[in-house]
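This report refers to the structure that appears directly beneath it.
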Amino acid sequence: MLARLASASLRGLEAEAVDVEVDLSRGMPSWSLVGLPDAAVREARDRVRAALLNSNFEFPLRHITVNLAPADKRKDGSHFDLPVAVGLLLASAQIYVENQSVIPFLVGEMALDGRLNPVSGVLPLTIFAQSQGIQQIIVPLGNAEEAAVVQGIEVIAASNLLEVAAHLQGQRTLMPFEPSETTSETEENMLDLKDVRGQHQARRALEIVAAGGHHELMSGPPGSGKSMLASRLPSILPPLTDTQRLAVARVYSIAGEANTRSPMSSVPPFRAPHHSASDVAMIGGGQIPKPGEVTKSLHGCLFLDEIPEFKRPVLEVLRQPLESGTVSIARAADTLTFPAEFQLIGAMNPCPCGYLGHPTKPCRCSQTQVSRYVGRISGPLLDRFDIRIHVPPVEHDELTNMQAGESSAEVRKRVIQARNIQYTRQGEGIVNARLLPTALEKHAKPDEEGSNLLTTALNRFGLSARSYHRILKVARTIADLVGEPKVQAAHIAEALQYRGDSE
Ligand SMILES: Nc1ncnc2c1ncn2[C@@H]1O[C@H](COP(=O)(O)OP(=O)(O)OP(=O)(O)O)[C@@H](O)[C@H]1O
Ligand SMILES: [Mg+2]
């Protein structure tokens, strides 16, 4: 007897069609699994056998062949357990389904007692099933919320193999899963910029960073509010569009972290990996390639606090995604590409003790210590930061006396306006930070006074061609924030303040 079920395997963020074929034939009892399964798929044999027996089914003492077709593609993941188990039950006539062509799409890992455990990648698998015109998908209970985001396919949440078998035979039909109403993450529980007292320049820089999609490096003594400011960037970024939201949800589904972030949330992601993070954690990888921090920050913010403490190779691997907006992960046989468009925000102390340039506290570091510390960030990486500012300490009395700052909602209105201007001028989704030199010459050409100022600054500070472009980009964003079509001297002057002291 032969049973055939539709399934899919994951490759990067996409799902590709796989047929699960189960054949029982005479001969010595044995079980072979063919079709380039990876380790997790091969282990399906042991899990499925135990799950069948513990669910009071028989394990067929026949020659069993499970083929995952097409045979030339690698199959990753443990979500094949359920289709394999159901295929075995069908092939051994332990369950009977009248029309095998309408069997739902089945996804799930099996525990030894027949329970269904959640798996990663359910969102792309559901989107795939829906695109194939399949009417119904059965997923483990723990994955139902994630699958239910997809329109046009009925999601059935099952907790064990017996339930699935009863449902398929029409003995006890499971009801379609209804997603809970409160899936959308509200902006209410986001950190708000109004908590930040004083720090006018740093707040202003953050607004420019949000508006133009720039990368920012903040340097300042401990406790000056750098982490506080960075973690509030998502609250002033424009909400994710529907396409972006789905792309981010796919990433979290593949990463197996769908429960940490609602798939309905339009809040841009904010990731702050610890400085002990490895390069695999940062860019992604592993035996079954999982997205790294650069991909989990998609359309949001990657915050590297204490950036000089990160391992040099970990920082260097950031250069490619920063340039291209994607990250390539080499595997044994091929290369996978994950999206990696994010804004990089770095924070650091100016020296190992943290107090260099502090108005009252003395710095205890030697000149060598300071340059070694600052030198941990390579020139090319430093060059990627359009905006570099110093965040001075806020005095205690300032903290208590000063009024609450402007709220994120107010700032975000201006950011959205400035973004819309950029998209109209440069094309949908193209922010100033991503403008190439030729486009920059066209869209950010300053007026005469601005040009003169820029030339004077170039000569006085000896700025490189790269810094010149960086200043133009930032000035363009500053002009967009006030809806000014032409970049003027005042915008250039302000942009010059954010160029950092290293040049
Ligand atoms: N401008 C500010 N307004 C209100 N509170 C502030 C401000 N700056 C700092 N604080 C308070 O100080 C705490 C420490 O700030 P934060 O962690 O952002 O400092 P930091 O600059 O990141 O320091 P470090 O260099 O040690 O990482 C905040 O949690 C907040 O309570
Ligand atoms: Mg900090």
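Here residue 194 is the anchor, and the lysines within straight C-alpha reach of less than 28 Å, apart from those fewer than 8 places off in the same chain, are 226, 296, 361, 413, 473. Accessible area per residue for the chain is 45 Å², calculated with a 1.4 Å probe on protein heavy atoms, without ligands, DNA or RNA. Label zone (residue 14, point 7 Å along Cα-to-C-beta; backbone nitrogen cut-off 11 Å) within segment 322-349: 337. Comparing Cα centroids, segment 136-182 and segment 1-64 end up 21 angstrom apart. Antiparallel beta bridges, as assigned by DSSP with both residues in the chain, represent about 50 percent of the total such bridges. Distances between every pair of Cα atoms in the chain, grouped in 10 Å steps from 0 to the bin holding the largest one, split as 4, 17, 23, 20, 14, 11, 7, 3, 0 percent.
For the chain, what's the relative contact order in percent, using C-alpha pairs closer than 8 Å and at least 6 residues apart? Show your work: numbers first, answer last.
Values: 993 pairs, mean separation 65.0, N = 503.
Answer for the chain is 13 percent.
Packing-based ranking of 415-421, 291-297, 125-131, 435-441 yields 291-297, 125-131, 415-421, 435-441, ordered from highest to lowest mean Cβ neighbour count within 10 Å. For residue 390 and residue 331, a Förster radius of 45 Å and the Cβ-Cβ distance give a FRET efficiency of 0.55, rounded to the nearest 0.05. Partners of residue 73 within straight-line reach, counting lysines whose Cα lies under 21 Å from its Cα and excluding those fewer than 8 residues away in the same chain: 290. Backbone N atoms of segment 320-357 closer than 18 Å to the 7 Å Cα→Cβ label point of residue 227 belong to residues 345-355. For residue 57, the accessible area of its heavy atoms, probed at 1.4 Å with every protein chain present, is near 30 square angstrom. Modelled spin labels at residue 399 and residue 455, positioned 7 Å past Cα toward Cβ, are 4.9 nm from each other.
Could you work out how much longer the chain between residue 26 and residue 96 gets when fully extended? Use 0.36 nm per residue separation minus the Cα distance between them, nm to one decimal. Write down the numbers at each step before the final one.
Working: separation 70, 0.36 × 70 = 25.20 nm, distance 2.08 nm.
Stretched fully, the residue 26-residue 96 segment lengthens by 23.1 nm.
In segment 187-430, what percentage of the DSSP-assigned beta bridges are antiparallel, given to the nearest 5?
Working: 7 of 21 bridges.
In segment 187-430, approximately 35 percent of DSSP beta bridges are antiparallel ones.
Any chance you could tell me what percent of the C-alpha pair distances in segment 148-278 go past 25 Å? Of all Cα-Cα distances in segment 148-278, 46 percent exceed 25 Å.
The dipole here belongs to the chain: it is taken about the Cα centre, uses +1 on the Cβ of Lys and Arg and -1 on the Cβ of Asp and Glu, and is about 1200 debye.
Sorted largest first, the principal axis extents computed over the alpha-carbon atoms of segment 421-503 equal 36, 21, 19 Å. Working from label points 7 Å from Cα in the Cα-to-Cβ sense, the residue 69 to residue 275 distance is 5.6 nm. Expressed as a whole percent, the accessible surface of the chain that belongs to carbon and sulfur atoms is 51, based on a 1.4 Å probe. Here residue 42 and residue 172 are evaluated by their C-beta separation; at R0 = 35 Å the FRET efficiency comes out at 0.60.
Scale the Cα Rg of segment 187-430 by the rule-of-thumb value 2.2 N^0.38 Å and send over the ratio, two decimals.
On the way: Rg = 18.5 Å, N = 244, 2.2 N^0.38 = 17.8 Å.
The value comes to 1.04.
Only DSSP H runs of four or more residues enter the estimate; each adds -39500 (n - 2.57), and after division by the residues of the chain the mean residue ellipticity at 222 nm equals -10000 deg cm²/dmol.
Just the isolated ones, please: cysteines in the chain lacking another cysteine beta carbon under 4.7 angstrom. Lacking a cysteine Cβ partner under 4.7 Å: 301, 353, 363.
The values are calculated or read from the model by the stated rules, or taken from the named source; none is laboratory data. Here the structure is a predicted model, which means the values were calculated and not measured. Ideal geometry is used to build each Cβ from the backbone, glycine not excepted, and the neighbour counts take in all protein chains shown. Accessible surface is based on the protein model in full, side chains and every heavy atom, while ligands, DNA and RNA are left aside. Shrake-Rupley method; radii C 1.70, N 1.55, O 1.52, S 1.80 Å.
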